[in-house]
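A.B. asks: A single structure is presented below for examination.
The values are calculated or read from the model by the stated rules, or taken from the named source; none is laboratory data. In this text the structure is predicted, and so the values were computed from the model without any measurement. Counting neighbours? That spans all protein chains shown, and the Cβs are built from the backbone with ideal geometry, glycine included. Ligands, DNA and RNA are excluded from the accessible area calculation, which covers all protein heavy atoms including side chains. Shrake-Rupley method; radii C 1.70, N 1.55, O 1.52, S 1.80 Å.
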Amino acid sequence: MRVAVRACALNRLDLWVRNGVPGHRFPLPLVLGSEVAGVVEALGAGVEGLEAGTPALVAPGVSCGHCERCVSGEDQLCREYGILGEHRDGGYAEQVVVPRRNVLPLPRGLSFVEAAAVPLVFLTAWHMLERAGLRRGEDVLVHAAGSGVSSAAIQIARLLGARAIVATAGSEAKLERARELGATHTVDYRTADFVPVAREATGGKGVEVVVDHVGGEVFERSFKALAWAGRVVLCGATAGGEARINLRAVFFKSLSILGSTMGTLGELHRLLPHFESGALVPVVDRTLPFEQAREAQAALENREQFGKIVLTVGDPGEAHRVPRPRRPREANKEAAP
């Protein structure tokens, strides 16, 4: 299917592809952009279920669709799995061509810009907390709250019934935004240590789950914030790919280290109704026209944003927006299982 792009959100993945990753070869030339919203423009032969002109959100992960992993609902583990803007051309363009299964109707109530702030980061955060087995009443530590994944993880943790949600960030402005999304305790990592804050927030017990994509020394210290049988789930390592951990603590306290990349197409389908109900909300920091992609990437690289920076292509319009969703705190009280 061919989708006319109306909005494309930035991710740190864009910077990694642009700058190169040691030991990894990208299929150059390559169009960046993993999170796309737009309008169905043309259908391939035999495609059914959508019509030209339909507002759509594009799932960022593409798999073969027929291997054992795919038919078992674990498509993110398919050996042919790839991400738009990393393994195949993405949304920094006027049009993008993807398989039919990757095109989902735009959630009611979301503009193209808001929808573009959803598919990769919310799917990643959802799958991380699924991997960690977060249960109602457990406590969570979320690092780098200003990022797309972490601003999503705070909301999802609240939706799933987490008790204490401890969030770290590098400014009071970002911490305030984290509290608005549902964080119960916040830590400015420039001036304070998150470990004692996490322990105080949990009565000395520690958190059951740590959500991390920072890595390095932050990953190392996160183990000190864990409760017995706690889990660290990691989807990136922006501050360093190497860490030293105390293995005795891992086995003595029955701790778990969980890697997580993206999530399943089925999980994305399960996520989207929460945006229609208002239980989850996209977090858009700013929008810029496609022609200012350089400036947008510079802002992302300098960590200026809270949530997502979104590029607009042509007239992003308002899609088929319905009245604004309820505030996350109010909606989550009703939507939490």
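A.B. asks: Please report the accessible area of residue 290 (heavy atoms, 1.4 Å probe, ligands and nucleic acids excluded) in Å², nearest 10.
C.D. replies: 70 Å²
A.B. asks: Counting other Cβ atoms within 10 Å, which trypsin sites (Lys or Arg not before Pro) in region 1-99 have at most 10 and lie in a DSSP loop?
C.D. replies: 25, 79
A.B. asks: Just to make sure I understand: if all protein chains stay in place, what is the order of 193, 75 by accessible area at 1.4 Å, largest first?
C.D. replies: 193, 75
A.B. asks: Given the options 232, 266, 50, identify the residue whose Cα lies farthest towards the positive end of the charge dipole of the chain (+1 on Cβ of Lys, Arg; -1 on Cβ of Asp, Glu).
C.D. replies: Working it through, the farthest residue towards the positive pole turns out to be 232.
A.B. asks: OK, next. Starting from the residue with the highest accessible area, list 228, 126, 16 in decreasing order, probe 1.4 Å.
C.D. replies: Greatest to least solvent exposure: 228, 16, 126.
A.B. asks: A further question follows. Probe of 1.4 angstrom, ligands and nucleic acids ignored: what's the accessible area per residue over the chain, in square angstrom?
C.D. replies: 44 Å²
A.B. asks: Further, regarding this structure: Between residue 228 and residue 261, what length in nm is gained on full extension when 0.36 nm per residue of separation is reduced by their alpha carbon distance?
C.D. replies: The span from residue 228 to residue 261 would gain 9.4 nm if fully extended.
A.B. asks: Cross-link partners among aspartates and glutamates for residue 224, C-alpha distance below 16 Å, same-chain residues fewer than 8 apart left out?
C.D. replies: Counting by Cα, and skipping residues close in sequence, residue 224 has these aspartates and glutamates nearby: 139, 193, 200, 208, 212.
A.B. asks: Using θ = phi - 60° and the Karplus relation 6.51 cos²θ - 1.76 cosθ + 1.60, list the HN-Hα couplings for region 98-115 in order, rounded to whole Hz, with x at every Gly or Pro.
C.D. replies: In residue order, the calculated couplings are 9, x, 4, 5, 8, 9, 10, x, 4, x, 4, x, 9, 7, 4, 4, 5, 5 Hz.
A.B. asks: Okay, next question. Please name which of 33, 16, 67 has its Cα lying farthest along the dipole of region 1-73 towards the positive end, using unit charges on Cβ (Lys, Arg +1; Asp, Glu -1) and the Cα centre as origin.
C.D. replies: The residue sitting farthest along the positive end of the dipole is 16.
A.B. asks: Restricting the count to DSSP beta bridges whose residues both fall in the chain, what percent are antiparallel, rounded to a multiple of 5?
C.D. replies: Given both bridge residues lie in the chain, the antiparallel proportion sits at roughly 45 percent.
A.B. asks: Same structure, new question: Which log10 I(q)/I(0) values, to two decimals, does region 2-143 give at q = 0.10, 0.19 Å⁻¹ under the Debye formula with one point per Cα?
C.D. replies: Calculated log10 I(q)/I(0) at the listed q: -0.38, -1.22.
A.B. asks: If each of residue 217 and residue 245 carries a label point 7 Å out from its Cα toward its Cβ, how far apart are those two points in nm?
C.D. replies: My value for the distance between the label points is 1.9 nm.
A.B. asks: Further question: Just tell me, in residue order, which DSSP H segments of the chain are both 15 angstrom or longer along the helix axis (alpha-carbon based) and at least -1.0 in mean Kyte-Doolittle hydropathy. Intermediate values should be presented prior to the final figure.
C.D. replies: Numbers: long enough: 119-132 (20 Å, 0.68); 148-159 (17 Å, 1.03).
Membrane-span-like by this rule: 119-132, 148-159.
A.B. asks: On to the next question. Once you list every other residue whose beta carbon is under 15 Å from the beta carbon of residue 240, what net charge do they have if Lys and Arg are +1 and Asp and Glu are -1?
C.D. replies: Local net charge: -1.
A.B. asks: How large is the charge dipole for the chain, taken about the Cα centre, if only the Cβ atoms of Lys, Arg (+1) and Asp, Glu (-1) carry charge, to the nearest 20 debye?
C.D. replies: Values: 39 positive and 38 negative charges, 186 e Å.
In debye, rounded to 20, the chain gives about 900.
A.B. asks: Across the Cα atoms of region 108-228, what radius of gyration and what greatest pairwise Cα-Cα distance (Dmax) are found, in Å?
C.D. replies: 13.7, 44
A.B. asks: Let me ask something additional. Based on the Cβ-Cβ distance from residue 79 to residue 135, what FRET efficiency comes out when R0 is 45 Å, to the nearest 0.05?
C.D. replies: Values: r = 32 Å, r/R0 = 0.71.
Plugging the Cβ-Cβ distance into 1/(1 + (r/R0)^6) gives 0.90.
A.B. asks: Once you charge only the Cβ atoms, +1 for Lys and Arg and -1 for Asp and Glu, what is the size of the charge dipole of region 14-170 about its Cα centre, to the nearest 20 debye?
C.D. replies: Working: 13 positive and 16 negative charges, 93 e Å.
Charge dipole, region 14-170, about its Cα centre: 440 debye, nearest 20.
A.B. asks: Next question, about the same structure. Give the separation of the Cα centroids, region 173-244 to region 37-53, in Å.
C.D. replies: Computed from Cα coordinates, the inter-centre distance equals 43 Å.
A.B. asks: If you don't mind, another one. With each run of n ≥ 4 DSSP H residues scored as -39500 (n - 2.57), what mean residue ellipticity at 222 nm is computed for the chain after dividing by its residue count and rounding to the nearest 500 deg cm²/dmol?
C.D. replies: Taken over the chain, the calculation gives -8000 deg cm²/dmol.
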